[in-house]
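Below is one structure, written out as structure tokens; the observations come after it.
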Amino acid sequence: MTELANLEDLFKHMLQDMYYAENKIIKALPEMAKKATDPDLQAALEQHLEETKDQIFKLEHVFEICGYEKKREKCEAIEGLIEEGKSLIEESEEGAVRDLAMIAAAQKVEHYEIASYGTLCNIAQKLGHKDAAKLLHEILEQEKVTDQKLTKVCDGIEDQALEKAA
Ligand SMILES: [Fe+2]
Ligand SMILES: [Fe+2]
């Protein structure tokens, strides 16, 4: 018999996966913020750390609503994204280049989250978990706003880096 027999099993598994991922992200964000040079980038990362803490509470609420165990299922994808991001940041020259490397790494994580929460939100609706779907949608929107904010910060840093180079 397979472990994930139905849509509810799959939903639960994916939630536990994101619960693991958010707990990983919470550890990575302060380290990144410390290494950021641009004050806007630092502020964006710090703000997203607070949002991520709130997302963990939201996920715990979803577990309660659905009657699932609050369990962290190891998420290989986030492990890989964070590891790769860390080495990219470490290999980059301090200043604008490192900031841009950080944004690149952070946006990959945001896009992974957007994909995951989009699917989770859809499945929650299909399963009739309306309140859970609402919470998951709130998280999804936070991730989208963060991604857009990072793009804005990125544009500013690129312009500065180009001006310097000119
Ligand atoms: Fe998140
Ligand atoms: Fe995020």
query = Could you list, in sequence order, the residues of region 18-44 that are small (Gly, Ala, Ser) and either away from ligand 2 (no atom under 14 Å from the Cβ) or open to solvent by 20 Å² or more (accessible area, probe 1.4 Å) (or both)?
reply = 36, 43
query = Could you say whether any residue in region 145-157 is free of Cβ contacts under 8 Å to residues at least 12 places away in the same chain, under 14 Å from the mean Cα position of the chain (by Cα), within 29 Å of residue 11 (Cα to Cα) and within 16 Å of ligand 1 (Cβ to nearest atom)?
reply = yes
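Considering only residues that are open to solvent by 60 Å² or more (accessible area, probe 1.4 Å) and free of Cβ contacts under 8 Å to residues at least 40 places away in the same chain, which ones fall in region 70-90? Full working, then the answer.
Within region 70-90, the first condition is being open to solvent by 60 Å² or more (accessible area, probe 1.4 Å), and the residues that meet it are 70-72, 74, 76, 83-84, 86, 88, 90.
Those that are open to solvent by 60 Å² or more (accessible area, probe 1.4 Å) and free of Cβ contacts under 8 Å to residues at least 40 places away in the same chain: 76, 83, 84, 88, 90.
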message = Cβ-Cβ distance below 8 Å, separation of 6 or more or different chains: which pairs start in region 37-48 with a residue that is within 14 Å of residue 142 (Cα to Cα) and end on one that is among the basic types (Lys, Arg)?
response = 44/149
task = Could you please let me know if residue 140 is in contact (Cβ under 8 Å) with a residue 60 or more places away in the chain and either open to solvent by less than 20 Å² (accessible area, probe 1.4 Å) or not in a loop (DSSP other than H, G, I, E, B) (or both)?
result = no
Unique residue being free of Cβ contacts under 8 Å to residues at least 40 places away in the same chain and either within 16 Å of the chain's Cα centre (by Cα) or within 15 Å of ligand 1 (Cβ to nearest atom) (or both) when the list is 93, 22 = 22
ask   = Is it true that some residue in region 3-17 is loosely packed, with under 14 Cβ neighbours inside 10 Å and within 18 Å of the chain's Cα centre (by Cα)?
value = no
task = Please state which of the following conditions residue 59 fails to meet, knowing it meets all the rest: (1) part of a helix (DSSP H, G or I); (2) touching a residue at least 60 places away in the same chain (Cβ under 8 Å); (3) touching a Phe, Trp or Tyr at 6+ places or on another chain (Cβ under 7 Å); (4) open to solvent by 40 Å² or more (accessible area, probe 1.4 Å).
result = (4)
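Which residue, of 49, 88, is in a helix (DSSP H, G or I), more than 16 Å from ligand 2 (Cβ to nearest atom) and among the hydrophobic types (A, V, I, L, M, F, W, C)? First the steps, then the outcome.
Working: 49 fails: more than 16 Å from ligand 2 (Cβ to nearest atom).
None of the others qualify; the one that does is 88.
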task = Taking residue 115 as meeting all but one of (1) crowded, with 18+ Cβ neighbours inside 10 Å; (2) free of Cβ contacts under 8 Å to residues at least 12 places away in the same chain, write down the number of the exception.
result = (1)
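The values are calculated or read from the model by the stated rules, or taken from the named source; none is laboratory data. The model shown is predicted, which means the values in this text are computed figures rather than measured ones. Because the Cβ atoms are built from the backbone with ideal geometry, glycine has one as well, and the counts that use them run over all protein chains shown. To get the accessible areas, we keep the full protein, side chains included, count just its heavy atoms, and leave off ligands, DNA and RNA. Shrake-Rupley method; radii C 1.70, N 1.55, O 1.52, S 1.80 Å.
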